[in-house]
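Engineer: Below is the structure I would like to discuss, written out as structure tokens.
The values are calculated or read from the model by the stated rules, or taken from the named source; none is laboratory data. Here the structure is a predicted model, which means the values were calculated and not measured. Using ideal geometry, Cβ is built from the backbone for each residue, glycine included, and neighbour counts are taken over all protein chains shown.
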């Protein structure tokens with residue numbers, strides 16, 4: 001900062017001298033231009049000489065900061081690329097695992113469906129057998145009931161016939177005895 005202030009003071013001091021030189025009414029010629037150019041070259045040389053070290057240090061510091069930042073960014077980029085590759089590999093593994101999981105679930109689903117179908121068939125067979133046994137039992141019960149009714153009706157019919165025969169036999173006997181009794185009473 002002190003160097004910049006010194007350079008500014010030199011430039012400010014040279015400016016009034018340069019302005020006062022042309023105020024005496026002298027003709028402005030090539031000499032004035034030569035002095036102005038020499039003055040400018042000296043001024044620029046002085047600035048370069050005084051500012052070379054601070055500017056080179058500032059440029060070097062800036063270069064070092066940029067280089068350090070660039071190395072950090074490259075390291076971060078490499079780390080991120082490694083993470084990206086790892087994520088892509090895991091994603092490929094996830095796709096593979098998902099496909100395996102889906103296939104496993106499909107196999108389990110098919111096995112479950114086959115088991116359900118087998119169980120349903122077994123239940124249907126058991127229900128059919130139970131229905132057949134019930135039908136056979138109902139048929140036997142109906143046959144037994146029919147036989148019992150038929151036997152009861154036949155027994156009733158036989159009893160009725162027997163009673164009719166017995167009644168007619170008794171009536172006949174009674175008639176015979178009465179006739180015999182009438183004949184015996186007449187004789």
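Engineer: Which residue out of 4, 81, 42 is modelled with pLDDT of 85 or more and surrounded by 11 or more Cβ atoms within 10 Å (Cβ to Cβ)?
Structural biologist: 42
Engineer: When you scan segment 112-119, do you find a residue that is surrounded by 10 or more Cβ atoms within 10 Å (Cβ to Cβ), in a helix (DSSP H, G or I) and more than 32 Å from the chain's Cα centre (by Cα), even just one?
Structural biologist: No, segment 112-119 contains no residue that is surrounded by 10 or more Cβ atoms within 10 Å (Cβ to Cβ), in a helix (DSSP H, G or I) and more than 32 Å from the chain's Cα centre (by Cα).
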